[in-house]
Each structure stands twice: as C-alpha cells, then as structure tokens.
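Q: Let me begin by handing over the structure; questions about it come next.
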Amino acid sequence: MIVVVNGKETELRDGQTLLELLEARDIPADGVVAELNRSIVPGADFGKTVLNDGDHLEVLRFVGGG
Amino acid sequence: MTKDILTIGGLELTSRLFTGTGKYRDDSLIPGVCEASGSQVITVALRRVDLESGTGNVMDFIPRHMRLLPNTSGARTADEAVRIARLARAMGCGDWIKIEVISDNRYLLPDGYETAKATEILANEGFVVLPYINPDLYVARSLVDAGAAAVMPLGAPIGTNRGIRTREMVRILIEEIDLPIVVDAGIGRPSEACEAMEMGADACLVNTAIATADDPAMMARAFGRAVRAGREAFLSGPGARAGMAVASSPLTGFLDAGTAA
Amino acid sequence: MSFYATCTEWMNAGLDERLAAMTETDVRRALGASNPGPLDLLAMLSPAATPHLETMARKASGLTLRHFGRTIHLFTPLYLSNFCTNHCVYCGFNSNNRIPRSQLTMEQVEAEARAIAATGLKNLLILTGDCRAKAGPDYLRDCVAVLRRHFPSVCIEIYAMEEAEYAALAAEGVDGMTMFQETYDEKLYPSLHPRGPKSDFRFRLDAPERACRAGMRVVNIGALLGLSDWRHDAFLTGLHAAWLMERHPEADIATSLPRMRPHVGAYQPATVVSDRDLVQVLLALRIFRPRLGITISTREAPAFRENLLPLGVTRMSAGVSTAVGGHAKSDGDGESVGQFEISDGRSVDEMCAVLRKHGYQPVFKDWEPIFADRGAA
Ligand code: SF4
C-alpha cells in the first residue's frame, strides 16, 4: 500500500502500525507527535493505529527554533 | 524589597530573559546557555521528522526545569498555526505556545490579523498564548480580547539584529496593554535588551544573538545581566533629567506679582 | 466596570499621610517618568511640589504645545432651564433658593441659538438644573434638534442619565457631555447634596462611563475645587480621567477646574483654593495625562486666565451668561439670576483678540462627523 508520510509517497507493508513504522526507522516514539489524516494520534495509540492505503501521515518533533 | 516576579499563564518567573534553541552550531551548547543566562523559558520549533536519516534530538539538551515555549514558525495562516499548536501540545510538554504567523518571506513580518484569529481559538482551548506581533496598538488590543497571556512585539524584523527600531510603538504597548510585554526579535546586543527593560518591557526573548556568539554561554550571561540591570533601572524610577533648580520664573512669575485674585 | 472601586480604594489609602510624606525626590521622579502613575500624580499635587511649580510649568507647557499646538477651543454655555429638585448647598439654583425659575420655549431656544451663532461660535454647551418633570429627555431632544441647525457641536451638562438616554441624545446629535462629580469624597458628599436625585453618589460617579459607552465623543469631568480637600479631589479627578481614557480610547476625555465662587446661597467654601493651588492642579494633571483636555471657565478673572494659557489650558468659554437664556436678551427680562457669578464677561470677539495677542489661535470647531446619519448602528 501507499501512504503519504511527511508529504512523500511511501510504500508500506499492508497492516503496518504507526509504531512499527517508527521502530523500523529507529525513531523513538516518545520524541514525536503524529497526525493521521489531520487528526492527532495520541502517543499511547501508536501501537494500535493501523495504517491504510492512501493515508496521509505527518510525523513531527521539536527542533531548535527561536 | 519584595521579589520581582513575572507571572505568565499562572507560572511565576524570576528571570525575565527568554532564550531560544535555534541556530546553534552545536545543540550541546544549550545547557550552558540556560545555566549562564538564568533563563527559565526556552523556545523550540516543530518540524517533520527526517525519516531517512535520524538526527540528534534537541530535547536532550534542554534542562528539565525550563518552561518549553514551542512556536508555530512555518505557519502562514491562523489555521496552520492552530494545527501546529495542537500538535505541539500533543508532545506532552505543556500548553504554552508562541504564535508566529508569517506569509511574507521577504521581510518575515508577522500577520496581525491571522495571529489574532489563532490566538482566540487557542486561548479558548486552554493554551497559554504568547503571540508574536508588530507593535501595533490595535492588534495588541485585539489580542487582549482574544485571551492572550502576553504580547511579544518585535524590536526589529527577525534576524536583522538592529536593536529596538520600534521603540516608540513598543513604548505605547507598554503603556496601554495590561499584559506582559515581551520584546522579541531584533535584539542583537545586551545593551539593547537593557534598553527594552529600562523602557518597562516585562521580558526579552533573545535567541540568535546568543546562539551565534563565539562564546554563547558568556553572551548568555551578559544578556541575563543586562536584562536584570534594565529591569532594576526601570523599577528604581530614573530621576528627572533636568535639574530642579530654575533661576527665573517666566511661566509662573505671575503668582508672585500680586495680580488680582 | 465602575470607577467606584478605584475611587474608594484611593480615598481610603491614607491620602493625607501619603501627601505629607512626599519628598522632592518623589517630585523629581514624577517629572522624569515617561508614563506617570497614580503616585507620580500624588507627588505633583503634594506640598513638596509647590516650590517647583516653574519646573512643572516648563514641562507642562512643552507637553501642551506638543499635543495641542497653539490653539484654544472656544465654547459658550446656554442655560435652558433653572428648575431644580436638588439641594446642592453651594449652588444658586438650589431648590431652596427663592429665585425666579424659567425654562426656554423652543422659540426662545431658536432666538438664543441665533444670537450665539452670530458670534461665530460653533460649539455650544447646554445646561439645565435637575428636574426631569420640566426639562426631561424629550425636552432636551427637542432643544438639540433646534440647536443642531445652528451648531455642529452641541454638548450637555445636565443631570445624570441612563446609558440609553445618553445614546438617544447622541443619536440626536449631541457629541459631548460634562459631568462634575463635585467631590469624590463619598463621606462628605451627602452633606453637600442632602436631597434630590443628585444625592446618589454612585449613579453620578458612573455617568461619564455610561456616556462613553453611549458613544459621546467628548466626556468632560471635574470636581468643584474647594468643596473638600482640593488635593484629594484633584488627585481623584486625574485618576478618573485616566480610568476613562484607558477604557475608552475612542473618546476625548477632558476636565474642568472650577473652584468655588460666591453665589446667592449662604454656603462658603470649606477650603480656599489659591491661584497657586489651582496652577499646581493644572500642571500636575497636564503632566500626568498630556492628552487630557483642560477647561478654565469664566469663573476665573481675565488676567489669571491669560496667565494660564501656556500652562496647559486647551478650552475656554467666552461670551458667557449663567442665567437662563442670557444671550438674546430680547424680552428685557432683567430678573434672571445666574448659577454662579462670572469673573470674565468678555465677549467672543474680545476673547479672540486676546488669544491672538498671546499668540494663540481661537478654534470654534475642531471636528465634525463625516456621516450625517448617526443613528445607532
Ligand atoms: S448644582 Fe445643579 S443639581 Fe445642584 S442645585 Fe445647582 S443646578 Fe441643581
């Protein structure tokens, strides 16, 4: 399936969860916030949030800023 | 003397210098800056995670006691600012938010109208909202009505390091607006932060000038002291510049001349 | 919101002790302040400031020039009615006084309007006693309708009204209101205003705020200096003005500085306000709020009024009569008694000549609404 992750079309395994996607890329889940199809996903729900074909996912974190 | 406390969103601050986390050559300099400046409030931005190459996490360098002030940089409209603010709160680091709505990338001047819209929405959602604005009295008043917790007027356009170019306008906000006034942007030198505080600003936000110094920690200490000095000068109330002695009395002499009463 | 809380807080804050404790350093600080606060005003009104009037005058003079230029706004009062149900012990219209009472008919209002308009004046201040049965809101509206044909600016100095009543008059074309609290001393107030609607201290205190909310463009307040301690009343006048300015930036807030004059009744002032005292009040208020309009009335003597010109005065009355319908004098009614005696009886022409001689431009009209239709939105 194709999921748009941070604006980029990404090929993902069917049924993959948000948590699995982060872990596969070594991104600590407690350091990010996610927005799936414009709705915020609480950190506790990352593991049970199954991604679907055509989803729009944003994964963000804090960076330096003034 | 009683302690000089700045209260924003129910939080009591003893330091009136806010710092930032942007533009450091190495984020590991941040803890030293926090310590040397005495600052208790620090800004961060929210960005997309780079999924290909993991990079260091700025949060690892921010001391636990600091109040995090995420900004909405990147937002071009009120809607985008609201969206970023909600995401920032979902990070679980409190509900402070610096609203920054900029759609003109040449001058990087904030859009007061969109900022006020975003402020109202977020204040209603319980955010502690600190909007970044041009020092415009009407915008500031609309922010008061919208429920802002403080107002952050710019001293000069972002990144220009030109000092308090908007002096007279900021002064009007200080006089007229009953919210804490935090001068943000434009402050390039400690003397300029000091000047803002002498004028009666409640706090200053300084990022670039510290982050880009050769020795950020030393510069941070200098800013901390300058802000305190300016604050003390303001509190102590500077005396009249002209002396009180006046030799002749051209304006009130008639009172002594025995004119008919 | 009401100014009442601020008023009582300060009146109970030990003003006498604070005034006595002020030092030259406090005065110096007040004069150096970029945005003077209440304590700065108090310092400038304190005995410690009295030796420094010339320094204050220089500052006040510069501020006045900067904010108002070399202009003086001229207006004249028109007494519509002297029926009054109040018993203000210091007033000649007090209902205890056996004086001839009268009220202008619309024909007389028209005649007065013509006589005054012929002098060139554009700003009229209409006054009545406090008697709704005689000079009620409807009567006033009718008068305003007549007067607005002759004057672009009509202001009222009448009994305290409800906000809706002010709004109705504003819709009719009234653009300013004057309301003197007389004294801010709530404890003393009842003895000066024993009976009648005016005995309601709070209703009167909140009247300027109601007028602002109703859309009056100029709101003029003041205390009758001499009724109580003049320093207290001048201080509270300044705070009241600042309070209104803060909440109603759309309105021009102004103050008058009347002091007690002899009149028909037997009442004599509690304290004497000397020329020096009055100058101190004027200077302190000017420095406290540089944009505050300040009126000196014809209660003051000609030479004294002229001396005050550079110190902060922005408005003056001219061609004044304080008797009902005293401008047209067509009916040969010599009976009419004035509310108080005036010291400066100069005509409008004479006042203009005097102002020009001192380098000031007399201004008859400084604004007019662009939109004729000013009905409530
Ligand atoms: S001051 Fe006014 S209310 Fe009082 S008696 Fe005189 S006219 Fe009447």
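The values are calculated or read from the model by the stated rules, or taken from the named source; none is laboratory data. Worth saying up front: this structure is predicted, and the values here are computed from it rather than measured. Every residue, glycine as well, gets a Cβ built from its backbone with ideal geometry; the counts of neighbours run over all protein chains shown. When the accessible area is computed, the model is the full protein with side chains, heavy atoms only, and any ligands, DNA or RNA have been set aside. Shrake-Rupley method; radii C 1.70, N 1.55, O 1.52, S 1.80 Å.
Q: At a Cα cut-off below 19 Å, give the aspartates and glutamates reachable from B:LYS23, other chains included and same-chain residues fewer than 8 away excluded.
A: B:GLU35, B:ASP50, B:ASP60, B:GLU100, B:ASP184, B:ASP214, B:ASP215
Q: Sorted by packing (mean other beta-carbon atoms within 10 Å per residue), highest first, where do C:195-204, B:30-39, C:33-42 land?
A: B:30-39, C:33-42, C:195-204
Q: Taking trypsin sites (Lys or Arg not before Pro) as candidate sites, keep only those in a DSSP loop with at most 11 other Cβ atoms within 10 Å, then name the longest stretch of chain B containing none of them.
A: B:107-240
Q: Using the Karplus curve 6.51 cos²θ - 1.76 cosθ + 1.60 with θ = phi - 60°, what ³J(HN,Hα) values do you get for each residue of the range C:178-183, in whole Hz, with x for Gly and Pro?
A: Along the range C:178-183, the couplings run 10, 9, 8, 6, 6, 9 Hz.
Q: Over the range C:4-363, with every protein chain in place, what whole percent of the accessible area is carbon and sulfur at 1.4 Å, could you tell me?
A: Values: 6590 of 13010 Å².
C and S atoms contribute 51 percent here.
Q: Something else about it: Rounded to the nearest 5, what is the percent of antiparallel bridges among the DSSP beta bridges in chain C?
A: 5
Q: With +1 assigned to the C-beta of every Lys and Arg and -1 to the C-beta of every Asp and Glu, and no other charges, what is the dipole magnitude of chain B about the Cα centre in debye, to the nearest 20?
A: On the way: 26 positive and 32 negative charges, 73 e Å.
I would put it at about 360 debye.
Q: For Cα pairs less than 8 Å apart in space and 6+ apart in sequence, what is the mean separation divided by the residue count of chain B, i.e. the relative contact order in percent?
A: Computed value for chain B: 18 percent relative contact order.
Q: Name the shape class, rounded, prolate or oblate, that the alpha-carbon gyration tensor gives for the protein assembly as shown, where a ≥ b ≥ c are the square roots of its eigenvalues, rounded holds for a/c under 1.5, and otherwise prolate holds if a/b is larger than b/c and oblate otherwise.
A: Because a/c hits 1.5 or more and a/b exceeds b/c, the protein assembly as shown counts as prolate.
Q: Can you list the lysines whose alpha carbon sits under 29 Å from that of C:LYS134, skipping same-chain ones fewer than 8 residues off?
A: Excluding near neighbours in sequence, the set is C:LYS122, C:LYS198, C:LYS329.
Q: While we're here: If amide H atoms are built 1.01 Å from N in the plane of the peptide, which residues on other chains or at least 5 residues away come under 5 Å of the amide H of B:LEU109?
A: B:ASP104
Q: Taking the Cα centre of the protein assembly as shown as origin, sum charge times position over the Cβ atoms of Lys and Arg (+1) and Asp and Glu (-1), and report the length of that vector in debye to the nearest 20.
A: That gives the protein assembly as shown a dipole magnitude of about 1840 debye.
Q: Then there is this: When ligands, DNA and RNA are left out and all protein chains stay put, how many square angstrom of accessible area per residue does chain B have with a 1.4 Å probe?
A: For chain B, the per-residue accessible area is 46 Å².
Q: For the range C:150-169, list residues with backbone N below 20 Å from a point placed 7 Å from the Cα of C:ASP138 toward its Cβ?
A: C:159-169
Q: Separate question: Report the antiparallel proportion of the DSSP beta bridges in the protein assembly as shown as a percent, rounded to a multiple of 5.
A: The antiparallel proportion sits near 25 percent.
Q: What number results when the radius of gyration of chain A, computed over Cα atoms, is divided by 2.2 N^0.38 Å? Before the final figure, lay out each step's value.
A: Values: Rg = 11.5 Å, N = 66, 2.2 N^0.38 = 10.8 Å.
Here the Cα radius of gyration is 1.06 times the empirical estimate.
Q: While we're here: Does a label point 7 Å from the Cα of C:ARG276, set along Cα-to-beta-carbon, have any residues of the range C:284-308 with amide nitrogen under 17 Å, and which are they?
A: Counting backbone N atoms under 17 Å from the label point, the list is C:284.
Q: Arrange the residues A:GLU9, C:GLU250 by how much accessible surface each exposes, largest first, with a 1.4 angstrom probe.
A: So, going from the largest accessible area down, we get A:GLU9, C:GLU250.
Q: Inside 10 Å of the C-beta atoms of C:303-311, what's the mean count of C-beta atoms belonging to other chains?
A: That average works out to 3.
Q: Need one value for A:39-45: mean number of C-beta atoms belonging to other chains within 10 Å of its residues' C-beta atoms.
A: Per residue, the average neighbour count from other chains is 2.
Q: Which far-off residues, 5 or more places away or on another chain, put their amide H under 5 Å from the one on B:ASP184, with H placed in the peptide plane?
A: Amide H neighbours of B:ASP184, under 5 Å, 5+ apart: B:LEU154, B:GLY155, B:LEU205.
Q: Let me ask something else. Quick test of your reading: applying the under-4.7 Å Cβ rule, which cysteines of the protein assembly as shown are isolated?
A: Lone cysteines by the Cβ rule: B:CYS34, B:CYS93, B:CYS194, B:CYS204, C:CYS7, C:CYS84, C:CYS131, C:CYS143, C:CYS155, C:CYS212, C:CYS352.
Q: Could you tell me the largest-minus-smallest coordinate of the C-alpha atoms of the range C:4-363 on each of the three principal axes, in descending order and whole angstroms?
A: 60, 46, 38
Q: Let me ask another. As I understand it, the dipole of the range A:20-66 uses +1 on the Cβ of Lys and Arg and -1 on the Cβ of Asp and Glu, about the Cα centre. Which of A:GLY54, A:GLY66, A:ALA24 lies farthest toward its positive end?
A: A:GLY66
Q: Also, quick follow-up: Got a sec? Which residues of the range C:28-72 lose 40 Å² or more of accessible surface with every protein chain in place, vs. that chain alone, 1.4 Å probe?
A: C:ARG28, C:ARG29, C:SER34, C:ASN35, C:GLU54, C:THR55, C:ARG58
Q: Give me the residues in the range A:47-66 whose solvent-accessible area, probe 1.4 Å, is reduced by at least 30 Å² once all protein chains are included instead of the chain isolated.
A: Buried on complex formation: A:GLU58, A:LEU60, A:ARG61, A:PHE62, A:VAL63, A:GLY64, A:GLY65, A:GLY66.
Q: Run the quick spin-label model on B:TYR113 and B:TYR138: label points 7 Å from Cα toward the beta carbon, then report their separation in nm to one decimal.
A: So the two model labels end up 1.1 nm from each other.
Q: Oh, and also: In Å², nearest 100, what accessible area do chains B and A bury in total when the solvent probe is 1.4 Å?
A: Counting protein atoms only, the buried area is about 2400 Å².
Q: Distances longer than 22 Å among the Cα atoms of chain B: what percent of all pairs is that?
A: 57
Q: State, as an integer percentage, the relative contact order of chain C based on alpha-carbon contacts under 8 Å between residues 6 or more apart.
A: It rounds to 24 percent for chain C.
Q: In Å², nearest 100, what accessible area do chains B and C bury in total when the solvent probe is 1.4 Å?
A: 2000
Q: On average, how much accessible surface per residue is there in chain C, in Å², for a 1.4 Å probe, leaving out ligands, DNA and RNA?
A: Numbers: 14510 Å² over 377 residues.
Per residue, chain C has an accessible area of 38 Å².
Q: Measure off, as a whole percent, the carbon and sulfur share of the 1.4 Å-probe accessible area of chain B, all protein chains present.
A: 49
Q: Give me the base-10 log of I(q)/I(0) for the range C:204-281 at each q in 0.12, 0.26 Å⁻¹, Debye formula, one uniform scatterer per Cα, rounded to two decimals.
A: For the range C:204-281, the Cα-only Debye profile gives -0.39, -1.14.
Q: Let me ask something else about it. Once you have all Cα-Cα distances for the range C:141-289, histogram them in 10 Å bins from zero and send the whole-percent values.
A: Going from the shortest bin to the longest, the percentages are 11, 38, 34, 17, 1.
Q: What whole-number value in Å² describes the accessible area per residue of the range A:2-60 for a 1.4 Å probe?
A: Numbers: 3160 Å² over 59 residues.
With all protein chains present, the range A:2-60 gives 54 Å² per residue.
Q: Can you work out the FRET efficiency for the pair A:ASN37 and B:ASN124, with r the C-beta to C-beta distance and R0 = 35 Å, to the nearest 0.05?
A: Rounded to the nearest 0.05, the efficiency is 0.90.
Q: Now for a separate question. Under a plain spin-label model, where a point goes 7 Å from the Cα along Cα-to-Cβ, how far apart in nm are A:ALA24 and B:ARG167?
A: 6.0
Q: Rounded to a whole number, what % of the accessible area of the range A:2-60 do carbon and sulfur atoms account for, probe 1.4 Å?
A: On the range A:2-60, the fraction of accessible area on carbon and sulfur atoms equals 48 percent.
Q: Could I have the simple spin-label model distance between C:GLU17 and B:SER249, label points 7 Å from Cα toward Cβ, reported in nm to one decimal?
A: Each label point is offset 7 Å from its Cα along the Cβ direction, giving 3.3 nm.
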